[in-house]
Ligand SMILES: [Cu+2]
């Protein structure tokens, strides 16, 4: 389980973009996204580095 905070994820469109980015790394990944706190929990077998770099490539800034 990976816990990320993505301050520039602010709406449903962003949440979709983040979800697609993570699933491009691991199609079986499960995400729990809280837009109010900008937190994302990712259940994945992929490495944290791979997940984060996919999110960065999608234009977001995971903390
Ligand atoms: Cu947005």
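Could you tell me how many degrees, from 0 to 90 and to the nearest 10, lie between the Cα long axis of helix 48-57 and the main elongation axis, the longest principal axis, of the Cα atoms of the chain?
Long axis of 48-57 versus the principal axis of the chain: about 50 degrees.
Using only the alpha carbon atoms of the chain, find the Kirkwood hydrodynamic radius as the inverse mean reciprocal pair distance, in angstroms to one decimal.
Radius from the Kirkwood sum: 11.1 Å.
Using alpha-carbon pairs under 8 Å, 6+ residues apart, how would you state the relative contact order of the chain in percent?
Once divided by the residue count of the chain, the mean separation gives 47 percent.
Considering the chain as a Gaussian network with a 10 Å cut-off on Cα pairs, which listed residue, 42, 32, 51, attains the greatest mean-square fluctuation?
Maximum fluctuation in the GNM of the chain, among the listed residues, is at 32.
By how many degrees, between 0 and 90 and to the nearest 10, does the Cα long axis of helix 12-25 differ from the longest principal axis of the chain?
Helix 12-25 sits at roughly 10 degrees to that axis.
No value in this document is a laboratory result; all are computed from the given coordinates. Computed from a predicted structure; not experimentally measured.
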